[in-house]
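To keep things clear, I will list the structure first and then write my remarks on it.
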Amino acid sequence: MRSRLRAGIHPGVLFLLFLAVAAGIAFYYLKIGLAEKKVHIEKAIAYLQSEYPFAEIAVKRVQTNEMDVTLRILDVSGQTVGTKDYSLRGRDIFLENRVVVLTAADRERSMVFPVKLYTESVPPTEGDDLLPLYSVDNYPDNYRNQDAELSNAVRYVFRRAFELSNAGREFGETNVRISVSMDAVLHRGGMGGFEAGKSYRCVVHPNGGLELREVK
């Protein structure tokens, strides 16, 4: 009796075909995800001004090694979205921030998320956490807006700000990206310290540079 050969596909070949199809589907959705993220970045860049204040420090009292100050977190229009009074040991205030630089073609804009307040007498590990002043349900009120797509862009950048460090080129060869995510600290240092009765505005520049300006 002649044995009959059954036609079919070897299980190993089926497995390879399955992997190929799965990889194709994954790549397709990855491309969709990256395209959506590119739109997020472009939307955020169009929303931001080239330069704007993001916080203000009002100094009420200064003694030998003690200060009373009020910190205000500002939105992009200069309105207060969070405020708190502090009695601090020391004479030089350090405002630590997470800065994200967004780039698209020849445009560059930055977003700032204040994270901690301390002094030369109070180490960063003992500094005050600032995120609760303006962050609600993992969304930063200093960039809150009425546009649904823009809100998604802000939420995405806020989340990525604390996941990336230094260069976060996450869109391959495209010219739309989060180019830098870094920690930056503002303080007076050798500029004469903080004076009672004066206010100091914290300003961000397009390239992520921060500046502390005395309010005249």
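Nothing in this text is a laboratory measurement; each read-out follows from the coordinates by a stated rule. Please read all numbers here as calculations on a predicted model, not as lab measurements.
Observations, loosely collected:
- Given LYS43/LYS116; LYS116/LYS198; LYS43/LYS84; LYS60/LYS84; LYS84/LYS198, the pairs whose alpha carbons are separated by over 23 Å: LYS43/LYS116; LYS43/LYS84
- 3J(HN,Hα) from dihedral phi, region 118-127, Karplus parametrisation 6.51/-1.76/1.60, rounded to Hz, x for glycine, proline: 7, 9, 5, 9, 10, x, x, 5, 10, x
- Candidate aspartates and glutamates - alpha carbon under 20 Å from LYS38, same-chain residues fewer than 8 apart omitted: ASP106, GLU108, ASP147, GLU149, GLU163, GLU170, GLU173
- Annotation: amide H-H contacts under 5 Å for GLU66 (H modelled 1.01 Å from N, sequence separation of 5 or more, or interchain): GLY90.
- Relative contact order for region 45-214: 29 percent, from Cα pairs under 8 Å spaced at least 6 residues apart, divided by residue count.
- In this structure the amide hydrogen of LYS198, modeled in the peptide plane, comes within under 5 Å of the amide hydrogens of VAL59, none closer than 5 places in sequence on its chain.
- Counting only residues at least eight positions apart within a chain, or on another chain, the aspartates and glutamates with an alpha carbon under 17 Å from that of LYS216 are GLU56, GLU195.
- Backbone phi angles across region 198-215, fed through the Karplus curve with coefficients 6.51, -1.76 and 1.60 (θ = phi - 60°), yield HN-Hα couplings of 10, 10, 10, 9, 9, 10, 10, 9, x, 8, x, x, 10, 9, 10, 10, 6, 7 Hz in residue order; Gly and Pro are listed as x.
- Whole-angstrom gap from region 37-61 to region 116-142, using each part's C-alpha centre: 17
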